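Q: One structure is given below, represented as structure tokens, and several questions about it will come after.
The values are calculated or read from the model by the stated rules, or taken from the named source; none is laboratory data. In this text, all values refer to a predicted model and were calculated from it rather than measured experimentally. Cβ placement follows ideal geometry from the backbone for every residue including glycine, while neighbour counts extend to all protein chains displayed.
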Amino acid sequence: MWLRTSCELTFRIAAPTPFILMLRPRSGGQQWVAREEYAIMPYVPVFEYTDDYKNLCQRLVAPVGGFIVRTSANVKTIDLVETAPGAPFVEIQHLPNEVLSYLLPSRYCESDRFGEMATSITSGSLPGYDQVAAIEDWLRSNIRYFSGNSGRPISAAEVNQQQSGVCRDFAHLGIALCRSLSIPARMVVGYLYNLEPMDLHAWFEAYVGGNWYTFDAVQNGIKRGYVAVGYGRDAADVAIYNQFGPAVFPITQIVAVEQIENPD
């Protein structure tokens with residue numbers, strides 16, 4: 001399916017403020033970016049680089065006053081998220097080098113605390129994909145979802161303690177549970193078609209059977225319409241913007257995803 005994604009962030013800047021933005025989706029195995037627009041008002045020099053996780057990042061210094069970042073993209077996505085029940089667990093010695101970092105505890109995913117819990121949740125499941133599917137089902141049944149912005153990110157341990165969270169929190173706990181079973185897992189931030197209420201979204205992927213597969217405990221039924229923007233170990237790696245100095249928050253954040261005809 002073809003989707004047009006857009007995001008507009010409006011800030012009020014009190015002093016020149018360095019930003020790192022992560023708002024450009026990249027083409028890959030499950031999506032192809034056909035067209036992009038990226039506007040910054042007022043214009044300032046922008047320097048783009050690729051981070052350690054191959055995300056496209058932009059560096060700039062926002063000037064004093066009103067500052068707007070506006071992006072849009074036409075993206076071809078797969079019609080349905082791929083599933084692979086029965087896909088096997090990949091032994092550590094056979095994992096690709098670039099996957100190994102997704103086995104380790106990280107700032108918001110304390111996987112070293114969840115071994116017994118993960119083993120209990122996945123009891124009776126075949127090692128690999130079926131274990132991750134059991135974790136996804138457990139999250140959906142046991143963690144209460146609330147929409148909106150929870151403010152600061154919280155860790156998997158905090159999510160498990162309060163038994164509720166936003167999409168980002170579901171992903172953190174799912175990732176921690178997977179890693180505790182030596183299944184590589186990573187966080188993804190991007191867009192989701194028909195998300196209600198519309199906003200940027202977070203989910204996680206797990207590496208089993210030699211491939212990355214999408215899991216999203218916030219969504220029920222058939223999954224489709226995902227557009228990935230950033231990948232990382234947890235929320236610390238996939239913020240759509242980081243700013244340095246006195247805290248700056250968007251005055252407005254407008255996100256939209258619509259289905260379009262083939263733009264060709």
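Q: Could you count how many residues in the stretch 80-129 are of a type outside the set (A, V, I, L, M, F, W, C), outside any strand (DSSP E or B) and touching a helix residue (DSSP H, G or I) at 6+ places or on another chain (Cβ under 9 Å)?
A: Residues in the stretch 80-129 being of a type outside the set (A, V, I, L, M, F, W, C), outside any strand (DSSP E or B) and touching a helix residue (DSSP H, G or I) at 6+ places or on another chain (Cβ under 9 Å): 18 in total.
Q: For A206, state whether it is under 27 Å from T5 (Cα atoms), at pLDDT 95 or above and crowded, with 22+ Cβ neighbours inside 10 Å.
A: yes
Q: Consider the stretch 12-40. How many of its residues are modelled with pLDDT of 95 or more, surrounded by 14 or more Cβ atoms within 10 Å (Cβ to Cβ) and either touching a His at 6+ places or on another chain (Cβ under 7 Å) or not in a strand (DSSP E or B) (or both)?
A: 1
Q: Let me ask something else about it. Given the stretch 161-264, what strands (runs of 3 or more DSSP E) lie entirely inside it while holding 2 or more residues that are within 23 Å of Q30 (Cα to Cα) and polar (S, T, N, Q)?
A: Strands (runs of 3 or more DSSP E) meeting the threshold: 211-215.
Q: Kindly indicate the residue of the stretch 73-108 that is among the hydroxyl-bearing types (S, T, Y) and surrounded by fewer than 16 Cβ atoms within 10 Å (Cβ to Cβ) and also farthest from L173 (Cα to Cα) among those meeting that condition.
A: So, considering only residues that are among the hydroxyl-bearing types (S, T, Y) and surrounded by fewer than 16 Cβ atoms within 10 Å (Cβ to Cβ), the one farthest from L173 (Cα to Cα) is T83.
Q: So in the stretch 41-79, with the set limited to residues that are among the β-branched types (V, I, T) and part of a loop (DSSP other than H, G, I, E, B), which one is nearest to Y226 (Cα to Cα)?
A: Going through the qualifying residues, I end up with I78.
Q: Turning to a different aspect of this structure: Counting only residues that are farther than 17 Å from A235 by Cα, of a type in the set (A, V, I, L, M, F, W, C) and touching a helix residue (DSSP H, G or I) at 6+ places or on another chain (Cβ under 6 Å), how many does the stretch 147-183 have?
A: Residues that pass the stated criteria total 1.
Q: Looking at the stretch 132-160, which of its residues are part of a loop (DSSP other than H, G, I, E, B) and either free of Cβ contacts under 8 Å to residues at least 12 places away in the same chain or farther than 24 Å from Y241 by Cα (or both)?
A: Those that are part of a loop (DSSP other than H, G, I, E, B) and either free of Cβ contacts under 8 Å to residues at least 12 places away in the same chain or farther than 24 Å from Y241 by Cα (or both): I143, G151, R152.
Q: Let me ask something else about it. Every residue in the stretch 110-154 that is of a type in the set (G, A, S), in contact with a strand residue (DSSP E or B) (Cβ under 9 Å, 6 or more places away or on another chain) and farther than 17 Å from V208 by Cβ, please.
A: S150, the sole residue that qualifies.
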